[in-house]
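S.K.: Structure incoming, see below.
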Amino acid sequence: MLDGAEGHEDFVITCPEDCGNAPKKELLKKLLIAFAGMDADFMNENFTNDIRLDDVGNQTVHGKDQVIETLHRNKQGKTAELHIHHLITHGSSGAANGILVLDSRESLAFCNVYRFSSGKAAKIKEITSYVISLPD
């Protein structure tokens, strides 16, 4: 069950209340919101220069600019709702899943697995992304 609902200037966000109780969970939550709102500045600040995105079943791209461009190109429409179901982190790994609802009312289920860079101010070094379109 989703406990916390937040407003965003352009879309509604729901997320379990415990999603922000650790720095890496908070980073993943903010990253999902940045992707949903296509906040390239946030992604640019929180990706390593050599980030790798494996968009499973589609393509793998390397480098900050190429990853941001690919994420922007793959997002087919404006976000109406972002429902984050789980955020999990442990050491240098993390995962998130949920549903993204576009303004066209298309719903996309996602599960992303992340690898963080080392160090206290960890950034995203790798993303493996699974996305499927849900039937109406």
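The values are calculated or read from the model by the stated rules, or taken from the named source; none is laboratory data. All figures in this text were calculated on a predicted structure; none of them were measured in a lab. Using ideal geometry, Cβ is built from the backbone for each residue, glycine included, and neighbour counts are taken over all protein chains shown. We work out accessible area using only protein heavy atoms, side chains counted, and drop any ligands, DNA or RNA first. Shrake-Rupley method; radii C 1.70, N 1.55, O 1.52, S 1.80 Å.
S.K.: From the set of residues in segment 50-71 that are in contact (Cβ under 8 Å) with a residue 24 or more places away in the chain and over 16 Å from PHE110 (Cβ atoms), which is nearest to the chain's Cα centre (by Cα)?
M.R.: Once the filter is applied, the top-ranked residue is ILE68.
S.K.: Something else now. Please verify whether segment 38-46 includes one or more residues that are surrounded by 13 or more Cβ atoms within 10 Å (Cβ to Cβ) and over 13 Å from the mean Cα position of the chain (by Cα).
M.R.: Yes, segment 38-46 contains at least one residue that is surrounded by 13 or more Cβ atoms within 10 Å (Cβ to Cβ) and over 13 Å from the mean Cα position of the chain (by Cα).
S.K.: Could you figure out which of (1) at pLDDT below 95; (2) exposed (fewer than 14 other Cβ atoms within 10 Å of the Cβ); (3) small (Gly, Ala, Ser) isn't true of ALA122?
M.R.: (2)
S.K.: Filter segment 102-119 for residues that are in a loop (DSSP other than H, G, I, E, B), open to solvent by less than 70 Å² (accessible area, probe 1.4 Å) and of a type in the set (Ser, Thr, Tyr) and give the result.
M.R.: Matches in segment 102-119: SER117 only.
S.K.: A follow-up question, please. Of everything in segment 56-78, what is crowded, with 18+ Cβ neighbours inside 10 Å and closer than 18 Å to GLY98 by Cβ? Give them in sequence order.
M.R.: Matches in segment 56-78: LEU71 only.
S.K.: Please pick out the residue among ALA95, ALA34, ALA40 that is within 29 Å of ASP136 (Cα to Cα), small (Gly, Ala, Ser) and in contact with a helix residue (DSSP H, G or I) (Cβ under 7 Å, 6 or more places away or on another chain). Outline the logic, then answer.
M.R.: Numbers: ALA95 fails: in contact with a helix residue (DSSP H, G or I) (Cβ under 7 Å, 6 or more places away or on another chain); ALA40 fails: within 29 Å of ASP136 (Cα to Cα).
Only one candidate passes the filter, namely ALA34.
S.K.: Just wondering, is there one or more residues in segment 16-27 that are of a type in the set (Lys, Arg) and modelled with pLDDT of 95 or more?
M.R.: Scanning segment 16-27 turns up no residue that is of a type in the set (Lys, Arg) and modelled with pLDDT of 95 or more.
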